[in-house]
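Peer 1: Input: one structure, supplied below.
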Amino acid sequence: MRVPLSWLKEYVDITMSPEELAHTLTMAGLEVETIDYLGKDWGDTVITAQIIHLEKVEKSDHLNYTRVITGSGELGVVCGAPNIKQGDKVPLALPGTKIGDITIGESKKMGYVSQGMLCSPRELGIGTDHSGIYILDPSIKIGQKLSDVLGEVVLEFSIKAHRGDLSSIIGIAREVSALTGQALRMPKPHFQEQGIPTSDLIKVTVEAPDLCPRYSARVVSNVKIGPSPFWMGQRLLAAGMRPINNVVDITNYVMLELGQPLHGFDYELVRQRHIIVRRARAGEEMTTLDDVKRKLTPDMLLITDPEGPTAIAGVMGGAISEVNDGTTTILLEAANFKANNVRRTSVALGLRTDASSRFEKGLDPELTVLGANRAAELMAELAGGSVNPGIVDVYAHTIQPRILPFSTEEVAWLTGMQVTQHETAEALQALGFGVELDEQDQKMTVTVPTYRQDIEESADLVEEVIRIIGYDKLPATIPVGPLPAPRGISWFDREQEIRELLVGAGLSEIITYAMTSRARMVNLLAQADATSARALLQAGRVEAGQQMAIATQSAAALAAFDARTIPAVALANPLSSDMESMRLTLLSGLMETMQENSKRNKAGLRFFEVGRRYLPAEDTHQLPDERRSVGIAMSGPAAISWVNELARPADFYDLKGVVETLLASLHIPNYRFTPTQHPTFHPGRCALVEVTRRTSEGEAVLSPIGVMGEVHPSVQQRYDLPERTYLCELDLEQLYEAAPQRLVYQPISRHQELTRDLAIVVDQAVSAQDIQDTIMRNGGKLLRSATLFDIYTGEPIPAGKKSMTYSLLYQSQERTLTDAEANALQERILQALYQAFGATLR
């Protein structure tokens with residue numbers, strides 16, 4: 001929220017510099033994000049001038065040639081803005097002025113010499129409007145530096161969601177008053193009432209008091225629509241709002257001043273002179289002020305008349321009752337709407353406004369009458385209106401201030417700071433709290449003002465006292481008490497360990513949204529059907545031995561599949577259709593990140609993400625299963641390099657090497673990669689990652705913890721990826737179940753190793769993993785390792801066969817092995833391979 005300093009000073013005296021004020025407020029919990037010095041860059045070359053001559057430029061449909069006086073001379077300026085006329089006073093940028101990245105110079109345009117530029121609010125940096133020149137107040141002297149006229153210091157605050165009372169100039173002024181000890185000057189509306197009573201002019205019915213606790217209405221007659229006075233427009237621009245006309249500007253001005261959003265209806269367009277506050281009906285529609293037809297749902301609150309909707313409560317008015325140039329009677333609405341309902345409606349419609357952002361934070365119901373009266377006062381003063389007597393105020397259940405018992409002991413207990421009863425009472429009273437002291441036992445009763453809806457218990461009062469006294473005055477103390485019990489390894493530590501391992505393997509971490517859509521996740525499937533979609537629910541894996549029919553599917557067929565049939569944790573009120581459910585897999589976010597980065601990076605992409613997947617429970621009353629997982633994605637060469645190893649594209653074995661590095665670092669010795677099929681991956685280039693885990697009976701079994709492989713070509717094409725892409729997803733919870741809880745170390749053998757090579761010929765269909773398992777099983781305790789280092793096909797190997805060469809390492813802890821012992825083991829292994837696979841020695 002932008003707060004012009006000059007406007008703030010109208011309600012509280014400020015003697016400190018803007019920097020000191022920003023520091024004081026920030027240290028009290030009101031974060032000042034920036035200090036904007038409007039006019040700082042204008043210097044001496046942006047001045048006030050007056051147009052004394054205006055003529056159309058021949059052969060141009062929009063340019064005008066103007067003569068302007070500056071107090072010290074006369075200049076010619078060519079201008080294309082449609083809103084200027086002779087006699088207007090305007091900002092003039094002289095030659096040599098730098099506006100943004102452009103330096104203004106003298107130039108010749110269509111036969112006219114232009115000696116400067118007339119400026120719009122956007123060019124001056126005081127607004128976003130570029131539709132016309134900023135017209136200055138007629139009373140301003142010409143030839144002045146514009147910074148002396150429009151220069152302003154603006155504090156920009158980050159207002160937190162629980163502090164709706166700070167969404168106004170008065171709210172900030174109240175804090176400044178409490179922190180500096182200066183008196184707060186509240187606006188006190190004063191006006192004469194005349195004409196027909198408001199209660200005879202309008203009827204208000206609130207059918208949904210649970211969503212609209214209070215609705216106040218006033219009528220102002222005989223208004224004259226026109227431009228706002230210069231001072232009001234200047235304040236609105238500095239606060240980030242565009243002036244429109246006096247009536248609309250007054251409602252915006254009061255909203256910024258008091259924090260109470262207002263809406264002005266053209267009274268003559270309110271049918272049957274009856275306002276009805278109700279929920280929308282199924283299928284109901286209305287056109288809002290931005291000329292967009294909105295589809296409404298029954299959980300949305302509307303302002304209607306007997307014939308239909310006129311506004312979306314707390315969000316935006318309707319075009320049907322919009323104030324226009326012919327409006328003479330204004331029906332002023334000042335209401336209080338439930339914060340959560342406004343928030344849901346605003347998000348559902350994709351319509352965020354200044355009003356909705358304030359209602360979402362929770363507003364004081366007591367503001368409605370003050371806001372309506374303040375706007376009525378300004379309309380009488382600035383629009384020539386006459387305020388009709390009385391106000392229609394529907395307030396079914398008056399909100400009573402919360403009363404809390406409090407003691408200075410609570411401040412000491414929570415903060416360690418000793419404060420007196422007088423200091424506590426003074427701090428709270430400065431913020432508008434009522435304090436009734438009990439001098440005898442140092443206790444007090446605190447009445448919480450209705451605008452402080454965030455104060456619910458005594459701990460909140462402690463925070464308020466410390467804020468005003470100063471966080472910097474809290475004493476530095478050393479914690480006392482028994483040391484906490486040592487904690488076990490946390491998931492935070494485990495996930496950090498995974499991150500460090502993968503970064504060490506050359507990957508970069510990404511973080512994607514846990515919210516996605518089922519339609520986006522379906523993009524992972526080569527063929528979208530119920531069977532393939534089930535893989536998204538299976539921790540990204542298919543059980544060993546299970547085969548799935550995988551085929552390429554056209555975009556039309558993919559779109560025909562109803563992604564909503566996939567079980568997922570759906571959001572009741574999603575931010576957008578692309579974020580309607582919680583993710584079932586990390587692979588979707590990885591692929592989308594690969595897609596974006598592949599457009600900008602010619603080198604390879606190496607990403608990983610540690611996060612959670614959200615699997616729905618079969619019982620809808622139970623919470624979803626949040627599975628901790630890690631996803632890995634690789635594509636393209638490691639680098640743009642003349643080194644062949646770095647320049648070659650990533651392949652399946654690069655991904656396998658990263659997974660093996662991860663498993664080895666976690667000291668998981670027994671694992672295997674088993675061929676499988678999966679709807680995301682290329683048939684024949686996909687494997688389950690299996691590790692050995694102990695069952696409840698103590699039996700060691702192989703259990704799949706994830707899947708890895710090359711992405712199916714149709715999926716790769718769908719994501720516009722230029723290189724073959726490789727993905728892996730592992731379930732971290734199952735992974736750590738397989739990791740040893742305690743590491744057991746063995747002494748290094750003092751005895752010599754014996755190495756033997758074993759080259760065998762087997763059918764091409766035989767997997768290396770099965771051969772590896774057979775070798776290790778038959779090698780016994782003396783076989784330390786078996787490493788495959790060569791696979792060969794071709795002459796003289798028979799067709800349909802392949803040669804596989806292993807390096808076998810034998811070693812004993814007790815003695816030096818003899819050649820005879822090693823040869824005997826080698827023979828036993830070869831015999832086992834022959835019996836299992838028909839392997840022959842090459």
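The values are calculated or read from the model by the stated rules, or taken from the named source; none is laboratory data. Computed from a predicted structure; not experimentally measured. Virtual Cβ from ideal backbone geometry, glycine too; neighbours counted across all protein chains shown. These accessible areas exclude ligands, DNA and RNA; they are computed on the full protein's heavy atoms, side chains included. Shrake-Rupley method; radii C 1.70, N 1.55, O 1.52, S 1.80 Å.
Peer 1: Among the residues that make up the stretch 384-391, is at least one of them among the β-branched types (V, I, T), under 20 Å from T198 (Cβ atoms) and open to solvent by less than 20 Å² (accessible area, probe 1.4 Å)? Lay out the reasoning, then the answer.
Peer 2: Let us first name the residues in the stretch 384-391 that are among the β-branched types (V, I, T), namely 387, 391.
So of that shortlist, the ones also under 20 Å from T198 (Cβ atoms) come out as 387, 391.
Next cut, open to solvent by less than 20 Å² (accessible area, probe 1.4 Å) only: 387.
Yes, there is a match, as at least one residue in the stretch 384-391 is among the β-branched types (V, I, T), under 20 Å from T198 (Cβ atoms) and open to solvent by less than 20 Å² (accessible area, probe 1.4 Å).
Peer 1: When the stretch 615-640 is examined, which residues are found to be open to solvent by 50 Å² or more (accessible area, probe 1.4 Å) and more than 25 Å from L727 (Cα to Cα)?
Peer 2: E618, D619, T620, H621, Q622, L623
Residue-wise test of (1) farther than 14 Å from T755 by Cβ; (2) out of contact with any Lys or Arg (no Cβ under 7 Å at 6 or more places or on another chain); (3) of a type outside the set (G, A, S); (4) modelled with pLDDT of 90 or more.
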position	(1), (2), (3), (4)
K802	yes, yes, yes, yes
Y806	no, yes, yes, yes
L825	no, yes, yes, yes
Q835	yes, yes, yes, yes
A839	yes, yes, no, yes
R842	yes, yes, yes, no
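Peer 1: Sticking with this structure for a sec: Please work out if H162 is modelled with pLDDT under 90 and in contact with a helix residue (DSSP H, G or I) (Cβ under 6 Å, 6 or more places away or on another chain). Quick ask: steps written out before the conclusion?
Peer 2: Values: modelled with pLDDT under 90: yes; in contact with a helix residue (DSSP H, G or I) (Cβ under 6 Å, 6 or more places away or on another chain): no.
Spelling it out, it is not the case that H162 is modelled with pLDDT under 90 and in contact with a helix residue (DSSP H, G or I) (Cβ under 6 Å, 6 or more places away or on another chain).
Peer 1: Specify the residue that is modelled with the highest pLDDT; the eligible residues are those in the stretch 561-592 that are within 17 Å of the chain's Cα centre (by Cα) and hydroxyl-bearing (S, T, Y).
Peer 2: Applying the filter and picking the extreme gives S581.
Peer 1: Here's another thing I want to ask about it. Applying the selection to the stretch 454-508, what residues are open to solvent by less than 60 Å² (accessible area, probe 1.4 Å), assigned to a loop (DSSP other than H, G, I, E, B), of a type in the set (A, V, I, L, M, F, W, C) and closer than 30 Å to A427 by Cβ?
Peer 2: I455
Peer 1: Within the stretch 345-369, take every residue that is open to solvent by less than 20 Å² (accessible area, probe 1.4 Å) and of a type in the set (S, T, N, Q) and give me the one that is farthest from the chain's Cα centre (by Cα).
Peer 2: T368
Peer 1: Would you mind finding the one in P306, P261, P227 that is in contact with a Lys or Arg (Cβ under 8 Å, 6 or more places away or on another chain) and surrounded by fewer than 15 Cβ atoms within 10 Å (Cβ to Cβ)? So that I can check it myself, show each step before the final result.
Peer 2: Working: P261 fails: surrounded by fewer than 15 Cβ atoms within 10 Å (Cβ to Cβ); P227 fails: in contact with a Lys or Arg (Cβ under 8 Å, 6 or more places away or on another chain).
On inspection, the qualifying residue turns out to be P306.
Peer 1: Anything in the stretch 652-674 that is touching a Pro at 6+ places or on another chain (Cβ under 7 Å) and charged (D, E, K, R)? List them, or say none. Give the steps one after another, and end with the answer.
Peer 2: Our first condition is that a residue be touching a Pro at 6+ places or on another chain (Cβ under 7 Å); within the stretch 652-674, this holds for 667.
The answer is none; no residue qualifies.
Peer 1: Being at pLDDT below 75 and of a type in the set (A, V, I, L, M, F, W, C) is the requirement here; does F492 meet it?
Peer 2: On the way: at pLDDT below 75: no; of a type in the set (A, V, I, L, M, F, W, C): yes.
So F492 does not fit the description; no.
Peer 1: Could you tell me whether any residue of the stretch 359-368 is among the polar types (S, T, N, Q), within 24 Å of D299 (Cα to Cα) and without any contact (Cβ under 8 Å) to a residue 24 or more places away in the chain?
Peer 2: In the first step, residues of the stretch 359-368 are kept if they are among the polar types (S, T, N, Q); the result is 368.
Still in the list and also within 24 Å of D299 (Cα to Cα): 368.
Now drop any that are not without any contact (Cβ under 8 Å) to a residue 24 or more places away in the chain, which leaves none.
The answer is no, given that none of the residues of the stretch 359-368 is among the polar types (S, T, N, Q), within 24 Å of D299 (Cα to Cα) and without any contact (Cβ under 8 Å) to a residue 24 or more places away in the chain.
Peer 1: Something else now. Can you confirm whether I797 is part of a loop (DSSP other than H, G, I, E, B) and open to solvent by less than 70 Å² (accessible area, probe 1.4 Å)?
Peer 2: Numbers: part of a loop (DSSP other than H, G, I, E, B): yes; open to solvent by less than 70 Å² (accessible area, probe 1.4 Å): yes.
Against the criterion (part of a loop (DSSP other than H, G, I, E, B) and open to solvent by less than 70 Å² (accessible area, probe 1.4 Å)), I797 qualifies.
Peer 1: F607 versus (1) open to solvent by 30 Å² or more (accessible area, probe 1.4 Å); (2) touching a Ser or Thr at 6+ places or on another chain (Cβ under 8 Å): which is the lone unmet condition?
Peer 2: (1)
Peer 1: Of the conditions (1) part of a loop (DSSP other than H, G, I, E, B); (2) touching a strand residue (DSSP E or B) at 6+ places or on another chain (Cβ under 7 Å), P189 clears all except one; give me its number.
Peer 2: Among (1) part of a loop (DSSP other than H, G, I, E, B); (2) touching a strand residue (DSSP E or B) at 6+ places or on another chain (Cβ under 7 Å), the lone unmet condition for P189 is (2).
Peer 1: Specify which of the listed residues (I102, I84) is more than 17 Å from L150 (Cβ to Cβ) and under 35 Å from the mean Cα position of the chain (by Cα). Lay out the reasoning, then the answer.
Peer 2: Working: I84 fails: under 35 Å from the mean Cα position of the chain (by Cα).
None of the others qualify; the one that does is I102.
Peer 1: Please report, ordered by residue number, the helices (runs of 4 or more DSSP H) entirely within the stretch 667-786 with at least 3 residues that are touching a Lys or Arg at 6+ places or on another chain (Cβ under 9 Å), of a type outside the set (F, W, Y) and surrounded by 15 or more Cβ atoms within 10 Å (Cβ to Cβ). Explain how you work it out, then say what you get.
Peer 2: Working: elements: 713-718, 732-738, 768-779.
In the stretch 667-786, 732-738, 768-779 are the helices (runs of 4 or more DSSP H) which contain 3 or more residues that are touching a Lys or Arg at 6+ places or on another chain (Cβ under 9 Å), of a type outside the set (F, W, Y) and surrounded by 15 or more Cβ atoms within 10 Å (Cβ to Cβ).
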